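Colleague: The structure is given below, and queries will be raised subsequently.
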Amino acid sequence: MALTGALCHTLLAATGFTNKSLRALTAGLLGSDYQPNQMTYDLRRLRLNGLIRRLPRSNRYMLIDDGIRIAVFYTKIYNRLLVPLTAADQPQAPPDMRAALAPITRHVDEYARRGRLPLAA
């Protein structure tokens, strides 16, 4: 999630981004260290999945159109849906928000059961 958030920060960078610049943004969003080898791995995965491209004869990358859309989408989903829903589990959350979380929890548990994944405690 921190990586997609960092990619959203780079949308305005017309010259692209480097391993080092994206790693600094990602580490800041994580609030912890983010090793260069982790960033190299993540950049490679993003490139192989067609979300970024490497600029010729440089160590800079650019988000392609799909990469921009996906980074913004995941960041919005996280901030607008996942954060409030995970807060809904807390006792101080409004009852209607806690009630909205119940069917989602049931569906996720059902998918996990069908996939034979262990259920969260």
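The values are calculated or read from the model by the stated rules, or taken from the named source; none is laboratory data. Please read these numbers as outputs of a predicted model, since none were measured by experiment. For neighbour counting, all protein chains shown are included, and Cβ atoms are generated from backbone atoms with ideal geometry for every residue, glycine included.
Colleague: So is residue 40 more than 24 Å from residue 82 (Cβ to Cβ) and touching a residue at least 24 places away in the same chain (Cβ under 8 Å) or not?
Modeller: When the stated conditions are applied, residue 40 does not pass them.
Colleague: Does residue 25 count as closer than 14 Å to residue 4 by Cβ, at pLDDT below 90, out of contact with any strand residue (DSSP E or B) (no Cβ under 9 Å at 6 or more places or on another chain) and surrounded by 12 or more Cβ atoms within 10 Å (Cβ to Cβ)?
Modeller: Answer is no for this residue.
Colleague: Looking only at the stretch 51-70, decide whether some residue is within 30 Å of residue 103 (Cα to Cα), assigned by TED's automatic domain parsing to the domain that holds residue 15 and either in a helix (DSSP H, G or I) or in contact (Cβ under 8 Å) with a residue 24 or more places away in the chain (or both).
Modeller: Within the stretch 51-70, one or more residues are within 30 Å of residue 103 (Cα to Cα), assigned by TED's automatic domain parsing to the domain that holds residue 15 and either in a helix (DSSP H, G or I) or in contact (Cβ under 8 Å) with a residue 24 or more places away in the chain (or both).
Per-residue answers, yes or no, for (1) at pLDDT 80 or above; (2) among the hydrophobic types (A, V, I, L, M, F, W, C):
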| residue | (1), (2) |
| --- | --- |
| 48 | yes, yes |
| 61 | yes, no |
| 65 | yes, no |
| 75 | no, no |
| 81 | no, yes |
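Colleague: Scan the stretch 57-84 residue by residue and report those that are small (Gly, Ala, Ser) and touching a Ser or Thr at 6+ places or on another chain (Cβ under 8 Å).
Modeller: 71
Colleague: Sticking with this structure for a sec: Restricting to the stretch 83-115, and then to whatever is at pLDDT 75 or above and not in a helix (DSSP H, G or I), can you tell me which residue is nearest to residue 3 (Cα to Cα)?
Modeller: Going through the qualifying residues, I end up with 115.
Colleague: For the stretch 43-50, state whether one or more residues are touching a strand residue (DSSP E or B) at 6+ places or on another chain (Cβ under 8 Å), outside any helix (DSSP H, G or I), closer than 18 Å to residue 22 by Cα and not acidic (Asp, Glu).
Modeller: No, the stretch 43-50 contains no residue that is touching a strand residue (DSSP E or B) at 6+ places or on another chain (Cβ under 8 Å), outside any helix (DSSP H, G or I), closer than 18 Å to residue 22 by Cα and not acidic (Asp, Glu).
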